[in-house]
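Okay, so here's the structure we're looking at.
The values are calculated or read from the model by the stated rules, or taken from the named source; none is laboratory data. None of the values given here were measured: they were computed from a predicted structure. Note that we place each Cβ from the backbone using ideal geometry, even for glycine, and neighbour counts take in every protein chain shown.
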Amino acid sequence: MLLVDDHIENLVALEALLTELGQNIVRAESGLDALRLLLHQEFALIILDVDMPIMNGFETAALIREREKSRHTPIIFLTAINKAEQHIFKGYSLGAVDYLTKPFVPEVLRAKVAAFVELYKKTEQVKGQAHLLQEMVSELASSNDEIRKLNVELQSERDFVSTVLDTADSIIV
């Protein structure tokens with residue numbers, strides 16, 4: 001999971017809270033750092049601070065959503081400042097799955113994160129199964145093509161044998 005906040009103390013606190021979930025936790029101290037990480041890694045979840053300098057959380061989320069690879073990655077906005085309804089609506093309009101304000105209940109955040117991580121794992125499992133099924137379908141299609149070719153050859157040989165036998169019968173008579 002990716003934690004994005006410009007305050008290192010917030011990143012450390014979040015990491016301490018979420019470490020017990022046993023997930024790989026990656027930290028980014030800016031929206032730009034988060035975007036760089038997303039170029040090379042896929043994350044089960046992004047917890048994103050709204051109020052950051054240079055590129056705020058909303059701008060970061062909009063850029064995350066532009067990339068096909070990260071378009072469906074769940075984002076939870078976490079903020080102490082932007083509690084107004086218009087900010088919350090903006091977060092959801094950018095595809096956030098949740099918008100939490102500080103102070104938050106640690107158990108609630110941990111439970112939400114655990115649910116999204118589990119969903120990610122199940123999704124990856126389904127993707128793997130779909131890939132295996134596609135490989136099997138391709139193999140079956142290839143086998144069916146080979147069987148059709150063999151059937152055509154066999155029918156051709158049967159026709160030839162039948163012609164030879166018919167010709168032999170007329171010669172013998």
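Take N24 and tell me if it is of a type outside the set (D, E), surrounded by fewer than 13 Cβ atoms within 10 Å (Cβ to Cβ) and either over 20 Å from V113 (Cα atoms) or without any contact (Cβ under 8 Å) to a residue 60 or more places away in the chain (or both).
yes
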Seminar exercise, completed: Of the residues in the stretch 101-135 that are loosely packed, with under 14 Cβ neighbours inside 10 Å and touching a residue at least 40 places away in the same chain (Cβ under 8 Å), the one that is farthest from V50 (Cα to Cα) is K121
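Looking at the stretch 41-71, which of the residues that are of a type in the set (G, A, S) and out of contact with any strand residue (DSSP E or B) (no Cβ under 6 Å at 6 or more places or on another chain) is surrounded by the most Cβ atoms within 10 Å (Cβ to Cβ)? Quick ask: steps written out before the conclusion?
Our first condition is that a residue be of a type in the set (G, A, S); within the stretch 41-71, this holds for 44, 57, 61-62, 70.
Subsequent filtering for residues that are out of contact with any strand residue (DSSP E or B) (no Cβ under 6 Å at 6 or more places or on another chain) retains 44, 62, 70.
Values: A44: 19, A62: 16, S70: 21.
Here the residue is S70.
Report yes if N10 is surrounded by fewer than 20 Cβ atoms within 10 Å (Cβ to Cβ), within 21 Å of Y120 (Cα to Cα) and polar (S, T, N, Q), otherwise no. Steps first, answer last, please.
Details: surrounded by fewer than 20 Cβ atoms within 10 Å (Cβ to Cβ): yes; within 21 Å of Y120 (Cα to Cα): no; polar (S, T, N, Q): yes.
No; evaluated as a whole, the condition is false for this residue.
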Exercise. Do the conditions hold for A62, that is, is it under 19 Å from the mean Cα position of the chain (by Cα), at pLDDT 95 or above and among the small types (G, A, S)?
Worked result: yes
Problem set entry | Odd one out for T73, checked against (1) part of a helix (DSSP H, G or I); (2) of a type in the set (S, T, N, Q); (3) free of Cβ contacts under 8 Å to residues at least 40 places away in the same chain | (1)
